[in-house]
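Reading through the structure tokens given below for one structure.
The values are calculated or read from the model by the stated rules, or taken from the named source; none is laboratory data. Treat the numbers as computed from the prediction; the structure is a model and nothing was measured. Every residue, glycine among them, receives a Cβ derived from its backbone with ideal geometry; neighbour counts consider all protein chains shown. Note: areas computed on protein heavy atoms with side chains; ligands, DNA, RNA excluded. Shrake-Rupley method; radii C 1.70, N 1.55, O 1.52, S 1.80 Å.
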Amino acid sequence: MCDFNTLTEEEKKHYHELLLECANNFGGKNFFLHLLEAIRETKPHPLTAGNSQFDMELGTIKWNKVIFNDKLQLLLKARVNESAQDNFLPDPNAKSYKKILNVVRTLKPIVFHVKPAHKEDGPGFFFQPFDTIDEHKTKLNPLFDALFFCSVETVKKVLNYEPKG
């Protein structure tokens, strides 16, 4: 999803609607973009937080399992190749296949709950890091990608996208 310009019109529209719904459930586009900026500014990466939680003045993200830095680093490496191979998992004969499969198995059951600080801003939303297409194909959940990895500029582009026609 971070390669927004290479997506089809249908995919752009789908991601736009998905992110817009989540943004509205978190208090609107501005609140959502503030959340992304806060995540990008946090070092070390918020996903490696020992308490499985990321807090900011506008809301909180909680998840149900600690993610260790080695898994995060493998995830970052693997996501670079995802759009080229149209699959998060590398070829089963690739040297890194078992390690990447292990990352997927470790992170797949995790559920992320994103809640605004004030109930009147929206109900929040939840998601998992991966979408399993079939036993050989797994994709990074576009929400997970947008929240933790895509540039804020790209997410802004997706949120402000206007379908043609």
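Just one of (1) touching a strand residue (DSSP E or B) at 6+ places or on another chain (Cβ under 8 Å); (2) open to solvent by less than 40 Å² (accessible area, probe 1.4 Å) fails for Leu72. It is (1). Among (1) out of contact with any Gly (no Cβ under 7 Å at 6 or more places or on another chain); (2) open to solvent by 20 Å² or more (accessible area, probe 1.4 Å), which single condition is Asp121 missing? So the condition that Asp121 fails would be (1). Within the bounds of region 136-151, is there any residue that is open to solvent by 40 Å² or more (accessible area, probe 1.4 Å) and more than 21 Å from Leu76 (Cβ to Cβ)? Yes, that holds for at least one residue. If you go through region 20-31 and pick out every residue that is in contact with a strand residue (DSSP E or B) (Cβ under 9 Å, 6 or more places away or on another chain) and not polar (S, T, N, Q), you end up with 5. Restricting region 46-69 to residues that are surrounded by 13 or more Cβ atoms within 10 Å (Cβ to Cβ) and in contact with a helix residue (DSSP H, G or I) (Cβ under 6 Å, 6 or more places away or on another chain) leaves a set whose member that is nearest to Phe144 (Cα to Cα) is Leu47. The strands (runs of 3 or more DSSP E) found wholly in region 123-165 and carrying at least 2 residues that are basic (Lys, Arg) occupy 137-140.
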